[in-house]
Amino acid sequence: MKKALFIFATTILLTSCSEKTVGTVTEVKDVKDAALPTIELTQGKSIYQNKCNQCHELKVIDSFTTERWNKILPDMAKRANLASSDEAILGNYITWELSN
Ligand code: HEC
């Protein structure tokens with residue numbers, strides 16, 4: 001119970017911090033987002049869908065290994081002008097996608 005509360009509080013903290021920097025991308029339209037287990041993952045997906053298709057179509061996350069993403073993400077986050085907090089949230093979402 002305490003652990004669940006902690007996770008809940010952490011999620012709220014992360015969400016309230018990141019909302020300041022995320023601004024317009026917090027809105028979620030995809031109904032499948034309801035299936036994501038945490039708000040942070042939903043946000044990560046939202047960042048991905050809103051920021052990562054400006055220069056190319058969205059890449060299929062599973063097409064690249066974790067090792068590849070570790071190199072690709074910092075590069076692409078810079079190109080997409082992501083705040084470091086958004087990059088971290090997106091990174092968590094990519095990690096989650098790769099293991100689900
Ligand atoms: C300013 C332009 C730009 C933005 C914004 C951008 N990319 Fe890219 N991305 C590129 C270019 C250019 C390439 C190389 C050509 C290609 O694969 O289309 C690329 C390639 C990729 C690749 C393939 C890498 C490989 O080794 O084959 C992935 C994955 C990727 N981008 C993910 C992302 C993600 C995730 C974001 C959002 C954080 C993002 N991109 C935002 C320009 C951009």
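Since every read-out is calculated from the coordinates, none of them should be taken as a lab result. Because the structure is a prediction, the values reported are computed rather than measured. Here Cβ is always computed from backbone atoms with ideal geometry, including for glycine, and neighbour counts include all displayed protein chains.
Find the centroid of the Cα atoms in the range 33-59 and in the range 64-83, then give the distance between the two in whole Å. With the range 33-59 and the range 64-83 each reduced to a Cα centre, they are spaced 14 Å. For the range 38-100, the relative contact order comes to 58 percent (Cα pairs under 8 Å, sequence separation of at least 6). When peptides 86-92, 37-43 are sorted by average Cβ neighbour count within 10 Å, with the highest value leading, the order is 86-92, 37-43. Converting the Cα gyration tensor eigenvalues of the range 38-100 into ellipsoid dimensions via √(5λ) gives semi-axes, longest first, of 15, 14, 11 Å.
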